[in-house]
Structures are given as structure tokens and as C-alpha cells.
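Trainee: Just dropping this structure here.
The values are calculated or read from the model by the stated rules, or taken from the named source; none is laboratory data. Being a predicted model, the structure only gives us computed values, none of them experimental. Every residue, glycine as well, gets a Cβ built from its backbone with ideal geometry; the counts of neighbours run over all protein chains shown. Note: accessible area is taken over every heavy atom of the protein model, side chains too, but ligands, DNA and RNA are not part of it. Shrake-Rupley method; radii C 1.70, N 1.55, O 1.52, S 1.80 Å.
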Amino acid sequence: MSKVEVLPIWSKQSFARKIKAILTFNWKPDNQDMLDAAEKVLRLEMFGDESDFGDVLFDINLLHHHRLWNLDSLTEQDEQKVNASAGMRMLIAQKHAVVGTNKYLNLQLVHYNPMICSLCIPMILKIPVVSMLFAIELQENFTFNSIRQAKHPQADELIAYIYDTLLIQQKIASSFHRLLSRMNEVQQKKGETKLSIYEMDAISECDLIINYLKSSVEKIVLILAFTFEVTNLETYKKHQQKLKAIDLKLPPKAKAQPYFGFIWKFIQPEELEKLNNLRTGINHKKGVSKLQPHSYMDSDLSTSPIGEIFETLMDQHRKNSAMLIGVLALLTDDLVFRDPPTGSDLEFAKDLRGIYL
């Protein structure tokens, strides 16, 4: 469903039709006008514009929704997770609808990594990406069913960590929305106050986002590991040892993918260290002055470090989101190998290839 504003449709009516409607106290928009308006709203609110890959995601999801789905492989626990994810997304969507949104919150992954975005097209065969607007959103029931149907040996672990990672993505998006609201309140209400409560709230929100971002990377690494049946990561204390264990099990075909280098680069220990170094003195013994209260004394939003921190954290969110897409693309390849498309799915794959290749 989509909420449609009627006034723009009314404004496009002919003068004669408007006069008739006024005189008869009766007017109803044409169904086609309503459908056209609804599609436009749905494209922008759910899928985003071209910078969010929204035009392509809308088209491939429309094609996907004409497929015959079989979700019989889902367990009861899988369905509970699907419903929980849907509820979480709905709550955040309501926040954007009620409080308002801002273009600064969009991931705009096309500008960041267009190659990663293009992976969503073949991925829809097994793991449909619905949106990359504020966070990565999948069609979880179809995704989980694909994993179960392929009889992946680590299906339970993969579903659990994909579910966790998607929830963290939503929590990050929600925190960014609150952070931007706090920044707006600083700009409007700080006045002569040396240090405002809104700035303290903003600092706390940044702390939370950093923790979520680090957790997101750790879970993406686990999704990569379980995809290739690396099951003993808990026996390694150091991150580098975990990566070495994964590297030994990675098939040459996976390493040869053009996007694999991007994933591998940003799960290295030095990248995690960069995230650690963003933490405040509460969470990291060295601390970071830009996230400590003395950096905000007697400053307004134009001189406050909060804008720079927002951009840094948003850049990391984009990086994590792109990594997640890349790892899920590797999982898609694995699922296609274990459970090759047949029948209508094979026809669907041919349709995709005909449109986009």
C-alpha cells in the first residue's frame, strides 16, 4: 500500500473538469492517475531514487513478485524471525513518516560502490534485496527458504547471523535518525549554553552507532565463514587468525570475484582498529577528543565536531552495507551451486539476463 497525496492529481485536471466537480460536489481521481502516483511514492519511499539503486530494485522486485514462490522449507523459528524483521522495519518506517526524513540519511550506495549494487540483480534469484535506502533490507522469508532448500550444512548459523546483521542494520539506521534530530536541536536550541543536553545525547548516540558498526563487521565475517563451512572460529583469539582460517577454506572461484578484494580489505584487523579508535574514553582507554564533552564547550553546530563525526560514521555504515551485499552475493553463488535453478526459476533467470545483460 502507498499513501497518495490527492492535491497534485487535482491540480493537473483540466479547468472544465474542475468546474464540473465543484458544481456537482463530486470528483474522484482516475484509477490510472492513482496508480501512477502510488508507484512514484512507493519507488521513492521504499526503494529510493537512482542514487539508492531504487529504480533497478523496484523493477527486479516487481519481476520477482510475479514468480511462483515455494516457502515450504521454512521452520517455525525462521518464520518468527521473518515476522520480527518485518516489524522492526515497520517501526523505523513509521519514525521516518512521523518525524520526517532527510537525504543525509540515505546510503546512496550507487555513488559509493556501483559494482556492489549491481550484484543485487543476480542475487534476487536466491537472496532478494528489497531496499538499500537507509539500511540493507532483504526479503527474509525467501532468503531463509533458499538456504534451507539448498540444504546448506550451516543453515541454522547462516540464518541466525543474517537475521542479527539485518537487525543491527536497522538499529544503525534508527540511531542515525536520532543523531540527526539531536544535531538539529543543537542548531536551534543551544543558544548561549556552554554544553547542551542535545550535544550529550548526540555523543551517546555516536557511541551506540560505533558499537553497532563494529558488531556488524564481526557478524559479516561470520556469515562469510559459515558460507564456506568454516565452523571453528571461536577457537581463535585473534581476528587475524580467524581470517587465516577463512582464507584456507575459500574456493578460488570466490577469490576471483571482482568484488572479493573489497570485502577482504575491509574485514582486516586494521579496519576494525579504526572503528575501535572512534570510541570514547568510556569504551576505549585512549579516548577520542572529538567524542568527549570538552570539544563541544562554547561551540555552535558550525564549529562543533559532530558534523565530521556524522560523516565518518555514515561512511562506515556505507562500507559495512556494501560488504554485507558482497558476502551475500558469495552466499548466493554457493546456493546456486548447491540448488541449481530449474523450471520457472530458470525462466526467471533468463528474463533477468535478457533485461540487464
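Trainee: Take E5 and L63, extend 7 Å from each Cα along the Cα→Cβ direction, and tell me the distance between the two endpoints in nm.
Mentor: A separation of 3.2 nm, rounded to one decimal place.
Trainee: Related question: Say each of T235 and T342 gets a label point 7 Å from the Cα, pointing the same way as Cα to Cβ; how far apart are those two points in nm?
Mentor: The answer from the label model is 3.7 nm.
Trainee: Using the Cα centre of region 198-257 as origin and beta-carbon charges of +1 (Lys, Arg) and -1 (Asp, Glu), tell me which of Y236, M200, S215 is placed farthest towards the positive end of the dipole.
Mentor: Y236
Trainee: Quick check: residue separation of D30 and L71 times 0.36 nm, minus the Cα distance between them. What number comes out in nm?
Mentor: This chain segment gains 11.1 nm when fully extended.
Trainee: Region 122-140 to region 331-356: how many Å between their Cα centroids?
Mentor: Spelled out, the Cα-based centre of one part sits 16 Å from the other.
Trainee: Could you calculate the FRET efficiency of K253 with A93 from 1/(1 + (r/R0)^6), where r is the beta carbon distance between them and R0 is 51 Å, rounded to 0.05?
Mentor: Taking R0 as 51 Å, the efficiency between K253 and A93 is 0.85.
Trainee: Using a 1.4 Å probe and ignoring any ligands, DNA or RNA, find the accessible area of C117 and quote it in Å² to the nearest 10.
Mentor: The accessible area comes out at roughly 0 Å².
Trainee: Per-residue accessible area for I92 at 1.4 Å probe radius, Å² rounded to 10?
Mentor: Looks like 10 Å² after rounding.
Trainee: Sort S174, S118 by accessible area with a 1.4 Å probe, largest first.
Mentor: Output order, biggest surface exposure first: S118, S174.
Trainee: As a test question: what accessible area, to the nearest 10 Å², does M46 have when a 1.4 Å probe is rolled over all protein chains in place?
Mentor: Answer for M46: close to 80 Å² accessible.
Trainee: If I stretch the segment between E50 and S14 completely, what's the gain in nm (0.36 nm per residue apart, minus their alpha carbon distance), one decimal?
Mentor: 9.8 nm
Trainee: Ok, one more. Quick check on my link table: of K81/K214; K95/K274; K214/K244; K219/K249; K151/K214, which ones sit more than 24 Å apart, alpha carbon to alpha carbon?
Mentor: In this structure, K95/K274; K151/K214 exceed 24 Å between Cα atoms.
Trainee: Write down Rg/Rh for region 117-228, rounded to two decimals, with Rg from the C-alpha atoms and Rh from the Kirkwood relation over Cα pairs.
Mentor: With Rh from the inverse mean 1/r over Cα pairs, Rg/Rh is 1.14.
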